[in-house]
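Here the structure is laid out as structure tokens; the discussion comes afterwards.
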Amino acid sequence: MTEKAVSRMNYWLMSANVRFKQGVTEKLALVNVVLATSEQYLNSGALGRVNQMAQVQAVNTGLIPNNGEITGVIIMSANFIGQMSDEEFNAQLAEPLAMVADEGGDPVSVASVEGDSSDGVSGE
């Protein structure tokens with residue numbers, strides 16, 4: 001039996017400031033976008049896609065009003081998430097988890113958000 005080859009992409013989390021004018025005032029809208037590339041690097045085409053995705057997200061989420069005029073995009077960071085299949089990238093956690101801290105602010109064991117403990121803390 002032959003196995004189907006799994007296509008793996010390189011996933012990036014990008015943060016960008018979309019600069020826009022509202023009247024005479026210049027403002028910034030910070031957005032995050034996820035980019036998938038077949039290459040393990042970011043070339044000018046990928047950066048152009050980030051620029052476009054950031055503008056669309058800023059407008060669609062209402063960060064930029066209808067009367068706002070986009071004047072530029074500043075890519076603030078590019079973080080490599082990893083190389084994985086679409087199925088791996090879109091997988092959900094088997095059980096929702098939350099980190100909690102004790103009274104002194106020190107991390108305590110990870111507890112289920114929907115755990116049966118009244119305070120949400122597992123362990124003693």
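In the range 58-82, how many are under 16 Å from residue 12 (Cβ atoms) and more than 15 Å from the chain's Cα centre (by Cα)?
1
For the range 66-85, give me the residue count where each residue is surrounded by 12 or more Cβ atoms within 10 Å (Cβ to Cβ) and within 13 Å of residue 37 (Cβ to Cβ).
5
Just checking, which of 114, 103 is open to solvent by 50 Å² or more (accessible area, probe 1.4 Å), more than 20 Å from residue 11 (Cα to Cα), more than 18 Å from the chain's Cα centre (by Cα) and modelled with pLDDT of 70 or more?
103
Those residues that are open to solvent by less than 60 Å² (accessible area, probe 1.4 Å), under 15 Å from the mean Cα position of the chain (by Cα) and farther than 12 Å from residue 75 by Cα, I need them from the range 19-36; list them, please.
Matches in the range 19-36: 35, 36.
Give me the pairs: first residue in the range 24-45 and over 30 Å from residue 87 (Cβ atoms) and modelled with pLDDT of 95 or more, second residue among the basic types (Lys, Arg) and surrounded by 12 or more Cβ atoms within 10 Å (Cβ to Cβ), beta-carbon distance under 7 Å, and six or more apart or on different chains, which are they?
Note: pairs meeting the criteria are 26/19; 28/19.
The values are calculated or read from the model by the stated rules, or taken from the named source; none is laboratory data. Note that this is a predicted model, so its numbers are computed, not measured. All Cβ positions, glycine included, derive from the backbone under ideal geometry; neighbour counts span all protein chains shown. Accessible surface areas use protein heavy atoms only, side chains included; no ligands, DNA or RNA. Shrake-Rupley method; radii C 1.70, N 1.55, O 1.52, S 1.80 Å.
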